[in-house]
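Colleague: Sharing a structure here in structure tokens format.
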């Protein structure tokens, strides 16, 4: 058999084995004994709803991503600024090994701001046994900034020893970094962490309990959500409100619980329940939210509007549109901003309709409408600039002129000729914000033909907008010559010249008289 044939057979064999292994990895059956036993812990936790393992940074071989660990170490040691250290340390956290841990450890005592934090975070992402040993040692450091960075770094390792140390810190009431350790446990995740956080939430220490409830909301596991539901039903009212606020309702039972809280109107948990319903993303809760936005305490109405905006969709846009058309000035600005955030033709049509109505909420809607860019929005803004109320015209015209809209520029030029004194000055300022030739020509014309404050202001605007413009320089020179101080100086110089001429004439007469004698 020739060498070429052996090479082809070997290549085919490796390709088939790779495909076979990939097929079994992709179609892994949790119920099959042997194959189910080989599933990774990360995959198992993800199927249970625990996303903490998936949030941990990935570590890959340096060569696989075209990097060299030793080259990065050399760059780290040669870095001159904290920013350079941060960039290189971040890459070492992805591809580093114990060699990188040794190099990073040498910078833990670096006095430059941010350097110790960057290298300790990278050590935590590397997560080898040596890295965990170093982090456990640094947790006992006397410097708070080093200790805090070590606590955060331990959360990234996924190591059992690091988790045990974090749990001990979270249970220690006298530890100044207790809250930091509790937040770090949220990144660790897992059933044990959920139980620890639940016990802390019931321990009676409000500071630790509030941190534990927030951490439960960040775990993103089914068990953590169940624990929050349990905390939302009983206990301290403050803890109940925090638990409701951190819920991520995805099942009917939790949504019904929150709906009942809203209908009960408990002021302690009402706003939190409305916010949690918004996070559900279920359009079925819109009637409850719309009802809350229509009446009740003002803080609850704001929360209801925000929740409607979080749900999104055509039904949410329609609900917000109805609220906006009612003309409630307390809600108009927030509702308009929600419609801007949702976007879409329907939301834009509602905003344009209310902005053109000249109603009690039009001005607030116009402010939101100016954040959008589309032909129909521009047409509506030009219409307001032409025929709207004075305050609304002043609100929309500067943006249109700055964008180079021809109709708006023409309106601004007209204001410089026919408007009040303040309107003229405002229009001159607007014309200075655009590079349109007609705007520049109007400013030059004002500088050459006007007088007083308008002329001075036009020259100042021209000097800032086009400092090298010959026409502006010429107009400014004319202004300089016509200034009263300079006119007075020219008169004084002329008088001096005449007096000198008279003295010279008298001296000449005296010389002639002397010569004649």
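The values are calculated or read from the model by the stated rules, or taken from the named source; none is laboratory data. If you're wondering where the values come from, they're calculated on a predicted model, not measured in any experiment. Neighbour counts run over all protein chains shown; Cβ positions are idealised from the backbone, glycine included.
Colleague: Being surrounded by 14 or more Cβ atoms within 10 Å (Cβ to Cβ), farther than 30 Å from residue 161 by Cβ and modelled with pLDDT of 90 or more is true for just one of 244, 269. Which residue is that? Steps first, please.
Modeller: Details: 269 fails: modelled with pLDDT of 90 or more.
After ruling out the rest, the residue left standing is 244.
Colleague: Can you pull out the residues in the range 140-157 that are surrounded by 21 or more Cβ atoms within 10 Å (Cβ to Cβ) and more than 18 Å from residue 86 (Cβ to Cβ)?
Modeller: Within the range 140-157, 151, 154, 155, 157 qualify.
Colleague: Quick one: in the range 195-247, of everything that is out of contact with any helix residue (DSSP H, G or I) (no Cβ under 9 Å at 6 or more places or on another chain) and part of a helix (DSSP H, G or I), which residue is nearest to residue 155 (Cα to Cα)?
Modeller: In this case the residue turns out to be 222.
Colleague: Being farther than 19 Å from residue 301 by Cα, surrounded by 24 or more Cβ atoms within 10 Å (Cβ to Cβ) and within 29 Å of the chain's Cα centre (by Cα), is that true of even one residue in the range 222-237?
Modeller: Yes: one or more hits.
Colleague: Let me confirm something: among 452, 404, 432, which residue is exposed (fewer than 15 other Cβ atoms within 10 Å of the Cβ) and either touching a helix residue (DSSP H, G or I) at 6+ places or on another chain (Cβ under 6 Å) or modelled with pLDDT of 85 or more (or both)?
Modeller: Working: 452 fails: either touching a helix residue (DSSP H, G or I) at 6+ places or on another chain (Cβ under 6 Å) or modelled with pLDDT of 85 or more (or both); 432 fails: exposed (fewer than 15 other Cβ atoms within 10 Å of the Cβ).
Only one candidate qualifies: 404.
Here's the yes/no breakdown for (1) surrounded by 13 or more Cβ atoms within 10 Å (Cβ to Cβ); (2) at pLDDT 90 or above; (3) within 31 Å of the chain's Cα centre (by Cα):
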{"residue": "44", "(1), (2), (3)": "yes, no, no"}
{"residue": "53", "(1), (2), (3)": "yes, no, yes"}
{"residue": "57", "(1), (2), (3)": "yes, no, yes"}
{"residue": "62", "(1), (2), (3)": "yes, no, no"}
{"residue": "65", "(1), (2), (3)": "no, no, yes"}
{"residue": "87", "(1), (2), (3)": "yes, yes, yes"}
{"residue": "100", "(1), (2), (3)": "yes, yes, no"}
{"residue": "113", "(1), (2), (3)": "no, yes, yes"}
{"residue": "117", "(1), (2), (3)": "yes, yes, yes"}
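Colleague: On the given criteria, is residue 445 more than 15 Å from residue 411 (Cα to Cα), out of contact with any helix residue (DSSP H, G or I) (no Cβ under 7 Å at 6 or more places or on another chain) and at pLDDT 85 or above? Outline the logic, then answer.
Modeller: Working: more than 15 Å from residue 411 (Cα to Cα): yes; out of contact with any helix residue (DSSP H, G or I) (no Cβ under 7 Å at 6 or more places or on another chain): yes; at pLDDT 85 or above: yes.
Yes; evaluated as a whole, the condition is true for this residue.
Yes/no matrix, rows are residues, columns are (1) over 19 Å from residue 244 (Cβ atoms); (2) more than 28 Å from the chain's Cα centre (by Cα); (3) in a loop (DSSP other than H, G, I, E, B):
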position	(1), (2), (3)
260	no, yes, no
276	no, no, no
289	no, no, no
347	yes, no, no
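Colleague: Report the residue count in the range 171-181 for those that are under 31 Å from the mean Cα position of the chain (by Cα) and either assigned to a helix (DSSP H, G or I) or farther than 13 Å from residue 139 by Cβ (or both).
Modeller: 4
Colleague: Moving to a separate point now. Which condition from (1) assigned to a loop (DSSP other than H, G, I, E, B); (2) within 20 Å of residue 324 (Cβ to Cβ) is the one that residue 308 breaks?
Modeller: (1)
Colleague: Taking the stated definitions as given, is residue 258 crowded, with 21+ Cβ neighbours inside 10 Å and either over 21 Å from residue 335 (Cβ atoms) or touching a residue at least 40 places away in the same chain (Cβ under 8 Å) (or both)? Working first, answer last.
Modeller: Working: crowded, with 21+ Cβ neighbours inside 10 Å: yes; either over 21 Å from residue 335 (Cβ atoms) or touching a residue at least 40 places away in the same chain (Cβ under 8 Å) (or both): yes.
For residue 258, the condition - crowded, with 21+ Cβ neighbours inside 10 Å and either over 21 Å from residue 335 (Cβ atoms) or touching a residue at least 40 places away in the same chain (Cβ under 8 Å) (or both) - is met.
Residues checked against (1) in contact with a strand residue (DSSP E or B) (Cβ under 8 Å, 6 or more places away or on another chain); (2) modelled with pLDDT under 90; (3) within 23 Å of residue 387 (Cα to Cα); (4) buried (at least 18 other Cβ atoms within 10 Å of the Cβ):
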| position | (1), (2), (3), (4) |
| --- | --- |
| 275 | no, no, no, yes |
| 285 | no, no, no, yes |
| 308 | no, no, no, yes |
| 319 | no, no, no, yes |
| 333 | no, no, yes, no |
| 340 | no, no, no, yes |
| 352 | no, no, yes, yes |
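Colleague: Any idea how many residues of the range 371-399 are crowded, with 17+ Cβ neighbours inside 10 Å, in contact with a helix residue (DSSP H, G or I) (Cβ under 7 Å, 6 or more places away or on another chain) and more than 29 Å from residue 451 (Cβ to Cβ)?
Modeller: So the count comes out to 9.
Colleague: Of everything in the range 176-194, what is surrounded by fewer than 20 Cβ atoms within 10 Å (Cβ to Cβ) and more than 19 Å from residue 153 (Cα to Cα)? Give them in sequence order.
Modeller: 191, 192
Colleague: Among the residues of the range 291-316, what is the count of those that are on the phi > 0 side of the Ramachandran plot and under 28 Å from the mean Cα position of the chain (by Cα)?
Modeller: Within the range 291-316, the subset on the phi > 0 side of the Ramachandran plot is 296, 312-313.
Narrowing the set further to residues that are under 28 Å from the mean Cα position of the chain (by Cα) leaves 312-313.
Total satisfying the criteria: 2.
Colleague: Determine, yes or no, whether residue 253 is touching a helix residue (DSSP H, G or I) at 6+ places or on another chain (Cβ under 9 Å), farther than 19 Å from residue 328 by Cβ and buried (at least 22 other Cβ atoms within 10 Å of the Cβ). Before the answer, list the steps.
Modeller: Numbers: touching a helix residue (DSSP H, G or I) at 6+ places or on another chain (Cβ under 9 Å): yes; farther than 19 Å from residue 328 by Cβ: yes; buried (at least 22 other Cβ atoms within 10 Å of the Cβ): no.
For residue 253, the condition - touching a helix residue (DSSP H, G or I) at 6+ places or on another chain (Cβ under 9 Å), farther than 19 Å from residue 328 by Cβ and buried (at least 22 other Cβ atoms within 10 Å of the Cβ) - is not met.
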